[in-house]
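**Q** I'd like to ask you about the structure that follows.
Throughout, read-outs are computed from the coordinates displayed, never taken from laboratory work. These figures come from a predicted structure and were not determined experimentally. Cβ coordinates were reconstructed from backbone atoms using ideal geometry, including for glycine residues, and neighbour counts include every protein chain displayed.
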Amino acid sequence: MTLQPPIGLLAELTHRCPLRCPYCSNPLELTRAERELDTASWGRVFREAAELGILQVHLSGGEPTLRPDLEEIVARARAAGLYVNLITAGVLLNVERVARLKEAGLDHVQLSLQDVDPASAERIGGMKGAHAKKLDAARLIREVGLPITLNAVMHRQNLDRVAEVVETALAIGAHRLEIAHTQYYGWALVNRRALMPPREQVARARAVVDEARPRLKGRLVIDYVAPDYYARYPKPCVGGWGRSVITVGPDGKAMPCHAAHTIPGLVFDNVAERPLAWIWRNGPAFEAFRGTDWMQEPCRSCERREIDFGGCRCQAMALTSDPTATDPACSLSPLHDRLLALADADSLGDPDFTYRRFMTRPPVASDELSPS
Ligand code: SF4
Ligand code: FES
């Protein structure tokens, strides 16, 4: 296989966040502020990324606006020649900050939405007043002329309001709406019983999206990420392991996907110690599941093995304790029926959330489908 350069760099500037979403994909054990890379280090990473052929950087977190040097980070990414996207909850933005970010060279904002009902949105995000602040931020972002993609993470407790999510995207002037069902790793796995929707609810939401897409053609692009567990085939997670994305965590750890730290035994290089190009080409964590040689049956001989690359390695790990297993979300996995039974049971679960917090030890080890 000829190795192409990655398309995108996901730069996780911090794990700190004022919200506590119960589906947060950040690690259960978060990196503390004192271990975060400084401005100059990020600047060097951006230059190395551009030299490697990367086109876009996604500044993410946690909440990246908690970095007081965010404007300088944006400026350095822009100076390196990267398209700069900010992924934010928006709750800490004000008119001056938005103007400074635009001035520094920001190209695009991805704004998260917890719900359209303020009380529910604030319960999900665990922050009072967050919803109004977010809508205000959307207005400020549009006023300086930056394009917005609205990112709505959907689950049982907000899925019946998907039509209102579409209306909200239109009302704030978003040009794109990503309706993404929760992916179950990290905190979402801890909260799966509170989040998993029943199949009928998913079908109703899908019908709303299918009706809205052609009606809004030319005004709003709607991306829809189906819930994994109910899909026939899994998605090619992160575009295939080590194929299109590099994630760099707050402390400089370079990973093939943002949840790769959940796979025990992987050795991650740090951008403070190795050039990004070396890590991309030779890093053992990137090599671990690149291509198809690592696959087991049924993936190994499946005609879709270079379409979805066996699904999600982190999900295979979380559910089976084996990161080389076929993602149980695939209907061809021998564990798929058991996964569906789990999903059906969880869709009737208790709605209370376990909120994310700084902690030193994970609250659960999930390997529910692993052989007993
Ligand atoms: Fe994809 Fe593997 Fe399922 Fe085939 S068996 S569709 S390669 S996950
Ligand atoms: Fe890591 Fe899917 S989240 S491979």
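**Q** Set the Förster radius R0 to 25 Å, insert the Cβ-Cβ distance between Asp251 and Thr39 as r into 1/(1 + (r/R0)^6), and round the FRET efficiency to 0.05.
**A** 0.95
**Q** Compute the length gained on full extension between Asp210 and Glu287: take 0.36 nm times their separation in residues and subtract their Cα-Cα distance, giving the result in nm to one decimal.
**A** Full-extension gain reported as 23.9 nm.
**Q** Using a Cα-Cα cut-off of under 26 Å, which lysines could be cross-linked to Lys133, ignoring same-chain neighbours fewer than 8 residues away?
**A** Leaving aside lysines fewer than 8 places away in the same chain, those within reach of Lys133 are Lys102.
**Q** Expected output is a single nm value to one decimal: the length gained when fully extending between Arg274 and Asp117, i.e. 0.36 nm times separation in residues minus the C-alpha distance. What is it?
**A** Values: separation 157, 0.36 × 157 = 56.52 nm, distance 4.61 nm.
That pair, Arg274 and Asp117, stretches by 51.9 nm at full extension.
**Q** Further question on the same structure: With labels modelled as points extended 7 Å from the Cα through the Cβ direction, what inter-label distance (nm, one decimal) is found for Val267 paired with Asp160?
**A** Each label point is offset 7 Å from its Cα along the Cβ direction, giving 5.3 nm.
**Q** Ok, one more. PRE reach from Arg32 (point 7 Å along Cα→Cβ): which of the range 235-251 fall under 18 Å by backbone N?
**A** 250-251
**Q** Given contacts defined as C-alpha pairs under 8 Å and at least six residues apart, what's the relative contact order of the range 8-57, whole-number percent? All intermediate terms of the calculation are to be shown ahead of the outcome.
**A** On the way: 22 pairs, mean separation 30.8, N = 50.
Across the range 8-57, relative contact order equals 62 percent.
**Q** Further question: Expressed as a rounded percentage, what relative contact order does the chain have, with Cα pairs under 8 Å and six or more residues apart?
**A** Working: 739 pairs, mean separation 73.7, N = 372.
About 20 percent, as a whole number.
**Q** Run the numbers for Asp136 and Ala203: contour at 0.36 nm per residue of separation, minus the present Cα-Cα distance, in nm.
**A** Values: separation 67, 0.36 × 67 = 24.12 nm, distance 3.23 nm.
Length difference between fully extended and current span is 20.9 nm.
**Q** What is the magnitude of the charge dipole of the chain about its Cα centre, with +1 placed on the Cβ of each Lys and Arg, -1 on the Cβ of each Asp and Glu, and no other charges, expressed in debye to the nearest 20? Walk me through the numbers on the way to the answer.
**A** Working: 45 positive and 46 negative charges, 106 e Å.
It comes to approximately 500 debye.
**Q** Once phi is turned into θ = phi - 60°, what whole-Hz ³J(HN,Hα) does the Karplus curve with 6.51, -1.76 and 1.60 give for every residue of the range 226-236, x standing for Gly and Pro?
**A** Values per residue, Gly and Pro as x: 5, x, 3, 4, 9, 7, 7, 10, x, 7, x Hz.
**Q** Given labels modelled 7 Å from the Cα in the Cβ direction, how far is it in nm from Arg305 to Leu340?
**A** 2.5 nm
**Q** Would you mind calculating the relative contact order of the range 87-159 from Cα pairs under 8 angstrom and at least 6 residues apart, reporting the percent as a whole number? Don't skip to the answer; put the middle values down first.
**A** Working: 88 pairs, mean separation 30.6, N = 73.
With pairs under 8 Å counted, the relative contact order is 42 percent.
**Q** How would you rank 342-350, 109-117, 75-83, highest first, on the average number of other Cβ atoms within 10 Å across their residues? Don't jump to the answer; show the numbers that get you there.
**A** On the way: 342-350: 15.1, 109-117: 22.6, 75-83: 19.6.
The densest-packed peptide leads the list: 109-117, 75-83, 342-350.
**Q** Let me ask something else about it. Before rounding to the nearest 500, sum -39500 (n - 2.57) across all DSSP H runs of length at least 4 in the chain and divide by the residue total; then give [θ] at 222 nm in deg cm²/dmol.
**A** -9500 deg cm²/dmol
**Q** Something else now. Could you check the simple spin-label distance between Tyr233 and Arg97, using points 7 Å along Cα→Cβ, in nm with one decimal?
**A** Placing both labels 7 Å along Cα→Cβ, they lie 4.2 nm apart.
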